[in-house]
Each structure stands twice: as structure tokens, then as C-alpha cells.
Amino acid sequence: QVQLVESGGGLVQAGGSLRLSCAASGRTFSTYAMGWFRQAPGKEREFVAAISRSGDTTSDADSVKGRFTISRDNAKNTVYLQMNSLKPEDTAVYYCAARLGSIASPRIGAYDWWGQGTQVTVSS
């Protein structure tokens, strides 16, 4: 079993930045790949970014390319999402997720454990 706790969400103006963190516990952190997903009101949950278990491979959605960066610190059992140049359409609840295996998958169904989410609101 893996427990995931997100933090770092909040209210920010368009063009601003936020850094989300996700602290993991319960298993050896370096044995699973991590992902960030988001869900806006009335919309389906969607992929944002993912990182392999070693951290050497990342993947991100076209909508956030060049603005968001995923990273991880295996010594601290934490994955991060640095979000720059935020837009109102980035407003959503952001979830981190973990999956056994090395691949940074964009598929929601590939993930085994999920956090409770953290709200990000971008004002125009």
C-alpha cells in the first residue's frame, strides 16, 4: 500500500507560479513511477505529467509543455510539479498518482494509488 499526500496548491494570478509536492510513504519510493493529473469542474480527469521511477524519463501533456516541469527526489520520497506561466484554464484539483513499474505512463488506468488532491485556482 502507498499513501500519497499532495500540498502546495492555492490561489494565484495568471502568469504566476506554484510548486506542488507529493509526499509518498508505504513502499520504497524508487520502485514506482509517478504522475500528476488534474480535474476541472465538470470535466474528466486528465494527464498532466509523469516521471519514471529513476527520474531519467518524463512525459507531459501538450497543454503544459514548456510551462510545467515534473521532478522527483527519491531520497525525500517526494515528487514535484513546478508550474509556471499559469493560466485560468489550469484551474483544477491536482492529483498525484503512483504505479509499480518504471515507465512514466500518461494513462489514468495505469496507476495503482492516488492522493486526495490539492486545489489550484488561477485568476485572470
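Derivation of every value follows stated rules applied to the coordinates shown; laboratory data play no part. In this text, all values refer to a predicted model and were calculated from it rather than measured experimentally. Virtual Cβ from ideal backbone geometry, glycine too; neighbours counted across all protein chains shown.
Quick notes
- If the convex hull is drawn through the Cα atoms of segment 72-124, its volume per residue in Å³: 109
- Seen from Asp90, the other residues with C-beta closer than 9 Å to its C-beta sum to a net charge of +2, counting Lys and Arg as +1 and Asp and Glu as -1.
- Cβ-Cβ distance of Ser124 and Leu100, R₀ of 41 Å, FRET efficiency by 1/(1 + (r/R0)^6): the value works out to about 0.55.
- Other-chain or far-sequence residues with amide H under 5 Å of Gly117's (modelled H): Glu6, Cys96
- Segment 1-102 - percent relative contact order, Cα under 8 Å, separation 6 or more: 36
- Of interest is the spacing of the C-alpha centroids, which for segment 99-114 and segment 1-24 amounts to 19 Å.
- Other residues within the sphere of radius under 11 Å centred on the Cβ of Phe29, judged by their own Cβ, net out at +3 (K and R +1, D and E -1).
- Taking other residues whose beta carbon is less than 15 angstrom from the beta carbon of Ser102, and scoring Lys, Arg as +1 and Asp, Glu as -1, yields +3.
- When each of the peptides 99-106, 59-66 is scored by how many other beta carbons lie within 10 Å of its residues on average, the order from highest to lowest is 99-106, 59-66.
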